[in-house]
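Please treat every number below as a calculation from the coordinates, not as lab data. Just so it is clear, the structure is predicted and the values come from calculations on it, not from any experiment. Please note: Cβ atoms are built from the backbone with ideal geometry, for glycine as well, and neighbour counts cover all protein chains shown.
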Amino acid sequence: MNTVLLDKNRLDRKHFNCGIEPLNNYLKLMASQQAKKDNSRTFVLEDHNDNSRIIGFYTLTMVPIVLTALPDKLQKKHSSSTSAGLIARLAVDKRYHGRGFGEWLLIDALRKLVAASDTVAFPLVVVDAKDGAKQFYQRFGFQAFQHAEHKLFISIADVRASFS
């Protein structure tokens, strides 16, 4: 399996349905525009039986770090840091639910963010776990920011160690 950058001319976005309308609409209407503006990058996992069909996608970008929302130990360690990698969206089409594609997409996104951090150095990966996704991310070591239970983070160091 391999993810590729979203190509709106080749991929069938209009039939993608993860069951969450804002995520469907983002893929269909906004992802390409945001990429053109260099605001984010959306990667898709294609169905290798039908390369126009999208199994799932994720969107990566950067986000400012609110240091005071981190545990004290991390506040001190990253006191000069200003940014984190953000998995802004991650979704799997309902036709492919229950087959491990969400986990595969998350791991692929984390690999890309570790590689980016090797070049431009940022200490954390952040997700905004909406619609009951919090437990999914916590299974992989993400923890909640203080006073923001649906905003989660994991350190790049922890991600890197998990890949070793």
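Between the amide H of L86 and those of T61, M62, V63, V126, distances stay under 5 Å, these residues lying 5 or more places away or on another chain, with hydrogens modeled in the peptide plane.
Among the listed pairs K76/K134; K77/K112; K94/K130; K76/K130, those with a Cα-Cα distance over 21 Å are K76/K134; K77/K112; K76/K130.
Using +1 on the beta carbon of Lys and Arg, -1 on that of Asp and Glu, and nothing else charged, what's the dipole of region 29-164 about the Cα centre, debye to 20?
It works out to roughly 160 debye.
Computed 3J(HN,Hα) for region 5-11, one whole-Hz value per residue from the Karplus formula 6.51 cos²θ - 1.76 cosθ + 1.60 where θ = phi - 60°, is 4, 4, 10, 5, 7, 10, 9, glycine and proline marked x. Close amide H pairs (under 5 Å, H built 1.01 Å from N) link C18 with N24, K94, residues at least 5 positions away or on another chain.
Using a Förster distance of 22 Å, how high is the FRET efficiency between H97 and V66, based on the Cβ-Cβ distance and rounded to 0.05?
0.10
The relative contact order of region 3-163, computed from alpha carbon pairs under 8 Å that lie at least 6 residues apart in sequence, is 19 percent. A crude spin-label estimate for the pair R160 and S79, with each label 7 Å from Cα along the Cβ direction, gives 2.2 nm. Calculate, in whole percent, how much of the Cα-Cα pair population of the chain lies beyond 23 Å. That tail contains 38 percent of the Cα-Cα pairs. Under the simplified labelling scheme, the K37-D12 pair shows an inter-label distance of 3.0 nm, with each label point 7 Å from Cα along Cα→Cβ. By the gyration tensor of its Cα atoms, with a ≥ b ≥ c the square roots of the eigenvalues, what is the shape of region 10-63: rounded for a/c under 1.5, prolate for a/b over b/c, or oblate? Prolate, since a/c reaches 1.5 and a/b exceeds b/c.
Rg over Rh for region 69-108 works out to 1.22, using Cα positions for both radii and the Kirkwood form for Rh.
The alpha-carbon of K8 sits under 19 angstrom from the alpha-carbons of these lysines, leaving out residues fewer than 8 places away in its chain: K28, K36, K37. If the segment from K130 to M30 were pulled out straight at 0.36 nm per residue, it would be longer than the present Cα-Cα gap by 34.2 nm.
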